[in-house]
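Coordinate-derived values only; no laboratory data. Predicted model, so just to flag it, every value in this text is computed and none were measured. For neighbour counting, all protein chains shown are included, and Cβ atoms are generated from backbone atoms with ideal geometry for every residue, glycine included.
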Amino acid sequence: MSKKYLRKNEFRIDYNPKHFGKNEEPHPSYITARYGHKYKANSITHSRKTNDSFDTFDIEENPNKLSKDKRRTRISPPFWQNENQFENEKLNNFRFSRKTRNKIKKYNKMFK
């Protein structure tokens, strides 16, 4: 039995203008899977709603270990997007704890 997709656990900048914030800047995204040339990702944000007016999920942990920002961190619902709209380089100073990764995995299963 073969896998449907390759699991990932990495962060990249999302350059899709649909996912930009209010200040028209790109957000980092947490990539959870890859299938062909597409990534399944969640945008990392501080807002309670996305541009498509979906509620975001509160994760309580800032993945950027170099940031001094104390605001609550949230993630958007998962979306599939072409790999060309993400930065080629991974963000190395971003990490989620195992507990948070499991929360995100459960959250993403609600959207299947």
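Which value, to two decimals, describes the C-alpha radius of gyration of the chain once divided by 2.2 N^0.38 Å?
Its radius of gyration relative to the 2.2 N^0.38 Å reference: 1.01.
Can you check what the net charge comes to around Gln81, using other residues whose Cβ is under 10 Å from the Cβ of Gln81 (Lys, Arg +1; Asp, Glu -1)?
+1
Which whole-Hz couplings ³J(HN,Hα) result when phi for each residue of segment 67-77 is put into the Karplus expression 6.51 cos²θ - 1.76 cosθ + 1.60, θ = phi - 60°, listed in order with x for Gly and Pro?
Using θ = phi - 60°, the values come out as 7, 9, 5, 9, 5, 5, 9, 10, 10, 7, x Hz.
Using the Karplus curve 6.51 cos²θ - 1.76 cosθ + 1.60 with θ = phi - 60°, work out ³J(HN,Hα) for each residue of segment 36-46 in order, rounded to whole Hz, and write x for Gly and Pro.
x, 9, 10, 10, 9, 9, 10, 6, 9, 8, 10
How about segment 1-80: which chymotrypsin sites (Phe, Trp or Tyr not before Pro) there lie in a loop by DSSP and see at most 15 other Cβ atoms within 10 Å?
Values: sites: Tyr5, Phe11, Tyr15, Phe20, Tyr30, Tyr35, Tyr39, Phe54, Phe57, Phe79, Trp80; in loops: Tyr5, Tyr15, Phe20, Phe54.
Answer in residue order: Tyr5, Tyr15, Phe20, Phe54.
Long-range amide H contacts for Phe11: which residues qualify at under 5 Å (H placed 1.01 Å from N, peptide plane, sequence gap of 5 or more or a different chain)?
Ile31, Leu91
Once you order the gyration tensor axes a ≥ b ≥ c over the Cα atoms, which shape class does segment 24-69 get: rounded for a/c under 1.5, otherwise prolate or oblate by comparing a/b with b/c?
Cα axes put segment 24-69 in the oblate bin.
Multiplying the sequence separation of Arg48 and Asn88 by 0.36 nm and subtracting their Cα-Cα distance, what value in nm do you get?
Details: separation 40, 0.36 × 40 = 14.40 nm, distance 2.81 nm.
Extending this stretch completely gives an extra 11.6 nm.
Loop only per DSSP, at most 11 neighbouring Cβ atoms within 10 Å: give me the trypsin sites (Lys or Arg not before Pro) in segment 1-84, ordered by residue number. All intermediate terms of the calculation are to be shown ahead of the outcome.
On the way: sites: Lys3, Lys4, Arg7, Lys8, Arg12, Lys18, Lys22, Arg34, Lys38, Lys40, Arg48, Lys49, Lys65, Lys68, Lys70, Arg71, Arg72, Arg74; in loops: Lys3, Lys4, Lys22, Arg48, Lys65, Lys68, Lys70, Arg71, Arg72.
When the trypsin sites (Lys or Arg not before Pro) of segment 1-84 are filtered for loop state and at most 11 Cβ neighbours within 10 Å, Lys3, Lys4, Lys22, Arg48, Lys65, Lys68, Lys70, Arg71 remain.
Given only helices, namely DSSP H runs of n ≥ 4 each adding -39500 (n - 2.57), what is the per-residue ellipticity at 222 nm of the chain, to the nearest 500 deg cm²/dmol?
-3500 deg cm²/dmol
So for Leu91, Leu6, fewest C-beta neighbours within 10 Å to most, what's the order?
Ranking Leu91, Leu6 by Cβ neighbours within 10 Å, fewest first, gives Leu6, Leu91.
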